[in-house]
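Student: Structure incoming, see below.
The values are calculated or read from the model by the stated rules, or taken from the named source; none is laboratory data. No experiment lies behind these values; they were computed from the predicted model shown. Here the Cβ is made from the backbone with ideal geometry for all residues, glycine too, and neighbour counts use every protein chain on show.
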Amino acid sequence: MTAPHQLILTALPDVPLVQPGDDLAALVLDGLRAGGMTLQSGDVLVVAQKVVSKAEGRLVCLNDVVPSPPALNLAEEVGKDPRLVEVILGESSEVVRSRPGLLVVEHRLGFVSANAGVDHSNVAGEPGREGEPWVLLLPEDPDASARHLGEALEAATAAVVGVLIIDSHGRAWRMGTVGVAIGVFQFPALLDLRGHPDLFGEPLRITQVGLADEIAAAASSLMGQADEGRPFVHVRGLPYPLREGSLAELLRSKSVDLFR
């Protein structure tokens, strides 16, 4: 009898609120110990973008932002705080769509998202300024952040692991947000199955699987979106070998982007 295939996702327990400058690798190792787990080569760690951004100090107080004329004009169109729009434009390379209540941009990292991923939920300010309006930006370089964490974990445990940094994105053609990868280290982000035989021996012609996004969505369902406090998810049983990977594998160029 063939053994069943298993993919096991486990949210690490007892993770404290992350502060600027915190050592994420140490927090992950603490979470693994609290859950009675150890890393093995081939495991994958999925990390919520928010804790990476907080650890890297990607906080901005809107009271410190002076909106430019373009931000003022766009803010009037979309009905958003001009200071917030200024921050969004600073993280963007292009405004893709805008209407009252909606601002969709191409992030400077290359993907399209609402508000450039700038978020104010679950964000506390600096000591002494907690009551002011603060927002959190995405990591400066999520691939580099994932690499730094993965290398630190390998140095501490000798296990070769993959790391995904994920965020919640909406979709133009379906309702609801889903977890997607924005940072990739040592993981096959895009799985190219073209040429592989199907069940009847016919070669696949166009099948490419966004494996990083599939794992991101599964992990996001464990992390939650509100007050759950589960930013680290351990994954074991990935049915594909780890390899070097990057966010760039998942990004469509404009030449094949049907929406632009």
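Student: With the requirement that a residue be among the charged types (D, E, K, R) and either within 19 Å of Leu153 (Cα to Cα) or in a helix (DSSP H, G or I) (or both), what does segment 213-252 give you?
Tutor: Result: Asp213, Glu214, Arg230, Arg236, Arg243, Glu244, Glu249.
Student: Any idea which of (1) surrounded by fewer than 20 Cβ atoms within 10 Å (Cβ to Cβ); (2) within 19 Å of the chain's Cα centre (by Cα); (3) more than 30 Å from Leu29 (Cα to Cα); (4) not assigned by TED's automatic domain parsing to the domain that holds Leu211 is the one Ser121 doesn't satisfy?
Tutor: With (1) surrounded by fewer than 20 Cβ atoms within 10 Å (Cβ to Cβ); (2) within 19 Å of the chain's Cα centre (by Cα); (3) more than 30 Å from Leu29 (Cα to Cα); (4) not assigned by TED's automatic domain parsing to the domain that holds Leu211 applied to Ser121, the lone miss is (3).
Student: Hey, another quick one. When you check Gln6 against the structure, is it modelled with pLDDT under 95 and either in contact with a strand residue (DSSP E or B) (Cβ under 9 Å, 6 or more places away or on another chain) or not assigned by TED's automatic domain parsing to the domain that holds Tyr240 (or both), yes or no?
Tutor: Yes; evaluated as a whole, the condition is true for this residue.
Student: Go through segment 139-174 and report how many residues are assigned to a loop (DSSP other than H, G, I, E, B) and surrounded by 17 or more Cβ atoms within 10 Å (Cβ to Cβ).
Tutor: 2
Student: Being among the small types (Gly, Ala, Ser), crowded, with 19+ Cβ neighbours inside 10 Å, touching a strand residue (DSSP E or B) at 6+ places or on another chain (Cβ under 7 Å) and not assigned by TED's automatic domain parsing to the domain that holds Gly170, is that true of even one residue in segment 30-48?
Tutor: Scanning segment 30-48 turns up no residue that is among the small types (Gly, Ala, Ser), crowded, with 19+ Cβ neighbours inside 10 Å, touching a strand residue (DSSP E or B) at 6+ places or on another chain (Cβ under 7 Å) and not assigned by TED's automatic domain parsing to the domain that holds Gly170.
Student: Here's something else I'd like to know. Residue by residue through segment 136-158, note down the ones that are out of contact with any Gly (no Cβ under 9 Å at 6 or more places or on another chain) and either charged (D, E, K, R) or outside the structural domain of Ala26 (by TED's automatic domain parsing) (or both).
Tutor: Glu140, Glu151, Glu154, listed by residue number.
Results for (1) surrounded by fewer than 15 Cβ atoms within 10 Å (Cβ to Cβ); (2) of a type in the set (Phe, Trp, Tyr); (3) modelled with pLDDT under 90, shown as yes or no for each residue.
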residue	(1), (2), (3)
Leu102	yes, no, no
Gly117	no, no, no
Glu126	yes, no, yes
Arg129	yes, no, yes
Leu137	no, no, no
